[in-house]
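K.L.:
One structure is given below, represented as structure tokens, and several questions about it will come after.
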Amino acid sequence: MIVILQPDVTEQQIDHILGKAKEIGLRTNVSRGTERTVIGFIGPEDVLRSIPLEVWPGVEQVIPVLAPYKLVSREFREENSVIKVGDVEVGGKRLVIMAGPCSIENKESLLRTARTLKKNEGVSLILRGGAFKPRTSPYDFQGMGEEGLKILKEVSAETGIPSVSEVMDPRDVELSAKYIDAFQIGARNMQNFSLLKEVGKTQKPILLKRGMSATVKDLLMSAEYIMAKGNFNVMLCERGIRTFETATRNTFDINAIPVIKQLSHLPVIADPSHGTGRWGLVGSVARAAVAAGCDGLMIEVHEKPEEALSDGPQSLTLENFASLFKELKAVAKAVGKDI
Ligand code: PEP
Ligand code: MN
């Protein structure tokens, strides 16, 4: 249930409403906009339906949210949410690029990569790099762990580019938070509900990647887990799903972009690197994703993809990234985005 408060509602009235909701056993989420304050009431449908919210002092309108995801839905918030990662805005007019190697490997390489990426004129950039890697085989490189996060923080500080990195374990949330600007929840952990609740307790932005066998609804429900804990800084990521098709690593679901934009106010990031698994296809799918209305892209790049410790086959060289970025500018412009 969404309760829109009157423009002249007083703090006293808000406190009264929140107190009454608590008494009944309902959870609330207060969202203070520039013009209106909106309260989301969360609880059993029958309880919600039985309270005459319309007559509570300060209440202007009550809107039932029919979707099972409440805080995530467009019904809850009509305008697009803009999430700040460092000083980069995700979900606004500008297309955002999250780029960097799949794994952090050493400081020199990450620093050179970050500096080269920054040279792309007009790029609104977030630096990605994994320190905790979810690998299919336990014998593959598992990431540098905290050492990698330290490198990411140093490079981010030296270049002024905010960072995003995956957290896989609820026990690492506090540690990771000291080093990075945004958490990534990977596809394999999209329904790790303990992890979702843990990152939901922080206020750090979260890039939530779609699970490889998850429906759009599953993804939105996972985002709801995070937001229900009080963290509204969620960005959703389409990164391809498992289908019967074997020509590519995953099948990038282009439909998901406009579908999510319709259903939710949260920003949508497209990841054509994991979506295809092949560097030669990344450009085409990246252009398509921008045309379909995504708010940003996550693209894996590497100085020398053939030497990358993970995901080399899908990583762009820095030169290839630079030419793709020029093309993306034209596509972004064509669909009314700034770059
Ligand atoms: C990654 O971003 O490197 C990654 C492991 O992504 P995903 O969780 O989408 O597979
Ligand atoms: Mn990767």
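The values are calculated or read from the model by the stated rules, or taken from the named source; none is laboratory data. The structure presented is a predicted model; accordingly, all values stated were derived computationally and were not measured. Methodologically, a virtual Cβ is constructed for each residue, glycine included, from the backbone with ideal geometry; neighbour enumeration extends over all protein chains shown. Please note that ligands, DNA and RNA were not included when accessible areas were found on the heavy atoms of the full protein model with its side chains. Shrake-Rupley method; radii C 1.70, N 1.55, O 1.52, S 1.80 Å.
K.L.:
Between residues in the range 308-332 that are away from ligand 1 (no atom under 16 Å from the Cβ) and residues that are among the polar types (S, T, N, Q), which pairs lie under 6 Å by C-beta distance while being six or more apart or on different chains?
P.N.:
Pairs that qualify, where the first residue is away from ligand 1 (no atom under 16 Å from the Cβ) and the partner is among the polar types (S, T, N, Q), are Leu318/Thr116; Ala322/Asn120; Phe325/Asn120.
K.L.:
Considering only residues that are under 22 Å from Val88 (Cβ atoms) and in contact with a Leu (Cβ under 6 Å, 6 or more places away or on another chain), look in the range 211-243 and name the one that is farthest from ligand 1 (Cβ to nearest atom). Reasoning before the result, please.
P.N.:
Just the residues of the range 211-243 that are under 22 Å from Val88 (Cβ atoms), to begin with: 223, 226-227, 231-239.
Filter once more, keeping what is in contact with a Leu (Cβ under 6 Å, 6 or more places away or on another chain): 223, 226-227, 234-237.
Values: Ala223: 15, Ile226: 16, Met227: 20, Val234: 16, Met235: 13, Leu236: 12, Cys237: 7 Å.
Ranking the qualifying residues of the range 211-243, first place goes to Met227.
K.L.:
Which number in (1) under 23 Å from Glu108 (Cα atoms); (2) touching a strand residue (DSSP E or B) at 6+ places or on another chain (Cβ under 6 Å) marks the one condition that Ala187 misses?
P.N.:
Unmet for Ala187, out of (1) under 23 Å from Glu108 (Cα atoms); (2) touching a strand residue (DSSP E or B) at 6+ places or on another chain (Cβ under 6 Å): (1).
K.L.:
Moving on to the next point. Please determine, by comparing only the residues of the range 296-327 that are of a type in the set (A, V, I, L, M, F, W, C) and within 12 Å of ligand 2 (Cβ to nearest atom), which one is nearest to the chain's Cα centre (by Cα).
P.N.:
Let us first name the residues in the range 296-327 that are of a type in the set (A, V, I, L, M, F, W, C), namely 297-299, 301, 308-309, 316, 318, 321-322, 324-325.
Checking the rest, the ones that are also within 12 Å of ligand 2 (Cβ to nearest atom) come to 298-299, 301, 308-309.
Values: Met298: 10, Ile299: 14, Val301: 19, Ala308: 25, Leu309: 25 Å.
So, considering only residues that are of a type in the set (A, V, I, L, M, F, W, C) and within 12 Å of ligand 2 (Cβ to nearest atom), the one nearest to the chain's Cα centre (by Cα) is Met298.
K.L.:
If you scan the range 209-224, which residues turn out to be away from ligand 2 (no atom under 16 Å from the Cβ) and either open to solvent by 60 Å² or more (accessible area, probe 1.4 Å) or not in a helix (DSSP H, G or I) (or both)? Outline the logic, then answer.
P.N.:
In the first step, residues of the range 209-224 are kept if they are away from ligand 2 (no atom under 16 Å from the Cβ); the result is 213-224.
Selection gives Ser213, Ala214, Thr215, Lys217, Met221.
K.L.:
Take Leu48 and tell me if it is in contact with a Pro (Cβ under 9 Å, 6 or more places away or on another chain) and surrounded by 14 or more Cβ atoms within 10 Å (Cβ to Cβ). Walk me through how you get there before you give the answer.
P.N.:
Numbers: in contact with a Pro (Cβ under 9 Å, 6 or more places away or on another chain): yes; surrounded by 14 or more Cβ atoms within 10 Å (Cβ to Cβ): yes.
So Leu48 fits the description; yes.
K.L.:
Right, Val38: assigned by TED's automatic domain parsing to the domain that holds Leu316 and either open to solvent by less than 50 Å² (accessible area, probe 1.4 Å) or of a type in the set (Gly, Ala, Ser) (or both) or not?
P.N.:
Judged against the criteria, Val38 is not a match.
Table: residues versus (1) open to solvent by 20 Å² or more (accessible area, probe 1.4 Å); (2) aliphatic (A, V, I, L, M); (3) within 16 Å of ligand 2 (Cβ to nearest atom).
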site	(1), (2), (3)
Leu152	no, yes, yes
Val173	no, yes, no
Ser194	yes, no, no
Thr202	yes, no, no
Met227	no, yes, no
Asn231	no, no, no
